[in-house]
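The values are calculated or read from the model by the stated rules, or taken from the named source; none is laboratory data. A quick note: this is a predicted structure, and the numbers were derived from the prediction, not measured. No Cβ is skipped: glycine too gets one built from the backbone with ideal geometry, and neighbour counts run over all protein chains shown.
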């Protein structure tokens with residue numbers, strides 16, 4: 001037994017022999033007095049202080065509700081104090097009522113790169129209207145440290161000194177009370193991006209750096225339309241057409257050709273329609289148009305494939321049973337009101353199938369962000385490589401029995417410059433985290449394990465070493481040691497390190513992107529460039545050799561732009577290359593809100609730009625005056641035929 005325990009036992013024995021110590025008696029008396037005092041205090045609180053307790057609880061809840069919005073809780077405290085005399089059971093003030101009043105400008109710039117003396121940043125800007133009235137039009141003025149340049153979308157951008165002025169375009173001028181809209185740009189500054197102040201229509205705004213408010217004008221849509229939303233039978237709406245025959249439309253490759261199940265050569269001539277990557281959580285433009293008629297119009301105009309840019313983040317949210325709100329015009333799209341954002345995507349697939357269209361999901365960005373495509377790689381601090389793989393696997397598994405989805409574009413535009421080190425996409429035989437070739441092969445194997453029938457689109461990168469033997473590890477930071485091309489457009493590495501899909505090699509398609517001088521003034525646009533000079537200086541060595549040498553098929557995942565010079569000359573040459581060689585392609589884009597290219601529809605997302613459409617129509621698959629679809633059972637729109645009836649290329 002220890003000495004410590006020995007002493008305790010000794011004390012207990014003494015108490016038994018001598019009686020209770022006087023000091024202990026005094027201590028017990030004191031404790032009794034304290035207990036009596038506490039009882040009296042509790043009685044007083046119970047009779048006269050109940051409403052103060054309730055008020056304190058209300059304050060605590062109020063503080064918690066606004067903690068993520070602001071560090072200043074004085075306004076919320078005063079609101080709670082004003083409501084102290086309200087009776088028990090009074091409904092708590094809603095979170096919407098606690099929003100900061102006025103205009104809130106939020107911005108983020110998660111990806112930046114050096115361009116000469118400028119720090120370029122992919123910037124996303126949210127405009128939130130918490131004023132008492134809807135806006136009919138707006139002018140945003142931002143004061144930005146050392147502002148040098150700006151090229152944006154979803155607005156008209158003007159730089160003067162350190163002031164950036166943005167005015168609305170036709171489709172986003174109205175911002176409902178409580179609504180928001182988002183715009184974006186690639187902005188050049190002399191230092192790290194910093195917005196010092198903001199004004200909207202001359203009114204000072206609260207500026208927040210971080211999460212950006214996305215397009216949300218549903219309140220506005222409801223107010224401006226007299227149609228009433230009604231509950232629909234979602235299960236009935238999502239039921240696939242009986243005209244479809246499942247499993248007869250899968251495609252495969254042979255050399256540089258894409259073939260159907262019967263060995264007939266096909267031509268994928270599609271279009272891009274974005275929104276599932278931007279935070280709209282459905283297609284952009286549905287704020288002023290109908291999903292049903294938009295899908296019908298794409299099919300009727302002869303596009304047989306829709307490339308759908310999406311974020312890995314959104315797909316993973318769906319996989320976990322989370323459904324971020326889809327922003328669209330509730331009155332124009334009544335049938336969507338009973339659906340969550342995943343069900344709306346399912347409904348789109350049903351509509352596509354009914355119109356003879358095929359679909360190709362594209363992981364356009366890791367995170368849901370209108371500027372997410374400016375991030376170099378397929379992962380971020382928020383979305384891991386594992387998350388990226390999971391998004392592809394989940395999507396492939398969910399739709400493995402739906403041959404409306406015939407292909408997966410593994411990742412949009414991996415890129416990065418020599419001075420960015422591990423943050424730049426590379427292409428070699430390593431297992432480095434930034435080696436796109438290795439990641440693409442891994443991602444493809446995961447997709448094909450879930451659905452071995454789909455085509456796999458692999459895009460290129462931005463840089464490739466001129467001397468692969470000396471600089472195969474991309475250790476040089478000297479730009480002169482590399483060949484450059486558009487983001488996702490450099491496939492020179494295929495010659496040295498081709499993608500290996502093992503037994504699924506006949507599912508591989510390489511997918512470069514190419515643009516004209518209005519997007520960026522590349523070296524090959526200097527002087528009087530020609531079709532021949534573009535082939536020599538850019539196309540052949542970067543990607544056209546892949547088709548020319550019968551290595552694999554090509555699908556140009558993005559090309560397009562404004563129907564004006566200096567862009568029109570390049571577009572004409574690109575169209576010639578596509579037409580002469582039957583190169584598969586998806587035109588960029590359907591959306592009106594593509595700032596550096598424009599779209600096939602005008603700002604209302606309903607009226608087609610007939611001049612641009614007529615230009616693109618020349619490279620849509622047609623036989624005998626009819627558009628050719630990729631479905632064997634259902635013709636392509638009102639002006640097309642089935643693949644079964646087509647002769648093939």
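The one condition from (1) in the same structural domain as residue 551 (by TED's automatic domain parsing); (2) touching a helix residue (DSSP H, G or I) at 6+ places or on another chain (Cβ under 7 Å) that residue 261 does not meet is (2).
Does region 467-481 contain any residue that is within 25 Å of the chain's Cα centre (by Cα) and at negative phi? There is no residue in region 467-481 that is within 25 Å of the chain's Cα centre (by Cα) and at negative phi. Against the definition (surrounded by 17 or more Cβ atoms within 10 Å (Cβ to Cβ), out of contact with any helix residue (DSSP H, G or I) (no Cβ under 9 Å at 6 or more places or on another chain) and either over 16 Å from residue 494 (Cα atoms) or not assigned by TED's automatic domain parsing to the domain that holds residue 590 (or both)), how does residue 558 come out, yes or no? It is true that residue 558 is surrounded by 17 or more Cβ atoms within 10 Å (Cβ to Cβ), out of contact with any helix residue (DSSP H, G or I) (no Cβ under 9 Å at 6 or more places or on another chain) and either over 16 Å from residue 494 (Cα atoms) or not assigned by TED's automatic domain parsing to the domain that holds residue 590 (or both).
Residues that are part of a strand (DSSP E or B) and more than 11 Å from residue 105 (Cβ to Cβ) within region 130-141 comprise 130, 135, 139, listed in sequence order. When you scan region 505-514, how many residues do you find that are touching a residue at least 60 places away in the same chain (Cβ under 8 Å) and surrounded by 19 or more Cβ atoms within 10 Å (Cβ to Cβ)? Residues meeting the conditions: 6. The residues of region 327-343 that are surrounded by fewer than 24 Cβ atoms within 10 Å (Cβ to Cβ) and closer than 16 Å to residue 277 by Cα, listed by number, are 341, 342.
Please find, among 283, 274, 303, 345, the residue that is in contact (Cβ under 8 Å) with a residue 40 or more places away in the chain, within 29 Å of residue 390 (Cα to Cα), in contact with a strand residue (DSSP E or B) (Cβ under 6 Å, 6 or more places away or on another chain) and not in a strand (DSSP E or B). Answer to the check: 274. Reported count of residues in region 119-150, each being surrounded by fewer than 16 Cβ atoms within 10 Å (Cβ to Cβ) and closer than 23 Å to residue 373 by Cα, is 1.
Among the residues of region 445-472, those identified as touching a residue at least 60 places away in the same chain (Cβ under 8 Å) and either over 15 Å from residue 483 (Cα atoms) or surrounded by fewer than 23 Cβ atoms within 10 Å (Cβ to Cβ) (or both) are 453, 454, 455, 457, 459. Residue count for region 512-545 satisfying the condition of being out of contact with any helix residue (DSSP H, G or I) (no Cβ under 8 Å at 6 or more places or on another chain) and farther than 26 Å from residue 362 by Cβ: 6.
Comparison of 599, 595 shows that the only residue that is surrounded by 17 or more Cβ atoms within 10 Å (Cβ to Cβ) and free of Cβ contacts under 8 Å to residues at least 24 places away in the same chain is 599. What's the total number of residues in region 234-255 that are more than 18 Å from residue 399 (Cβ to Cβ), over 30 Å from the mean Cα position of the chain (by Cα) and surrounded by 12 or more Cβ atoms within 10 Å (Cβ to Cβ)? Here the count works out to 3. Could you go through region 610-619 and let me know if any residue there is touching a helix residue (DSSP H, G or I) at 6+ places or on another chain (Cβ under 7 Å) and either farther than 30 Å from residue 540 by Cβ or assigned by TED's automatic domain parsing to the domain that holds residue 154 (or both). No, because not a single residue in region 610-619 is touching a helix residue (DSSP H, G or I) at 6+ places or on another chain (Cβ under 7 Å) and either farther than 30 Å from residue 540 by Cβ or assigned by TED's automatic domain parsing to the domain that holds residue 154 (or both).
Do we have residue 402 as closer than 18 Å to residue 555 by Cα, modelled with pLDDT of 95 or more and out of contact with any strand residue (DSSP E or B) (no Cβ under 8 Å at 6 or more places or on another chain) here? When the stated conditions are applied, residue 402 does not pass them. When 420, 441 are checked against the criterion of being under 30 Å from residue 261 (Cα atoms) and either in a helix (DSSP H, G or I) or in the same structural domain as residue 509 (by TED's automatic domain parsing) (or both), 441 stands alone in meeting it.
Quick grid of which residues meet (1) farther than 15 Å from residue 131 by Cβ; (2) surrounded by fewer than 16 Cβ atoms within 10 Å (Cβ to Cβ):
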residue	(1), (2)
162	yes, yes
169	yes, no
173	yes, yes
176	no, no
181	no, no
186	yes, no
190	yes, yes
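With respect to being buried (at least 20 other Cβ atoms within 10 Å of the Cβ) and more than 19 Å from the chain's Cα centre (by Cα), residue 353 fits the description.
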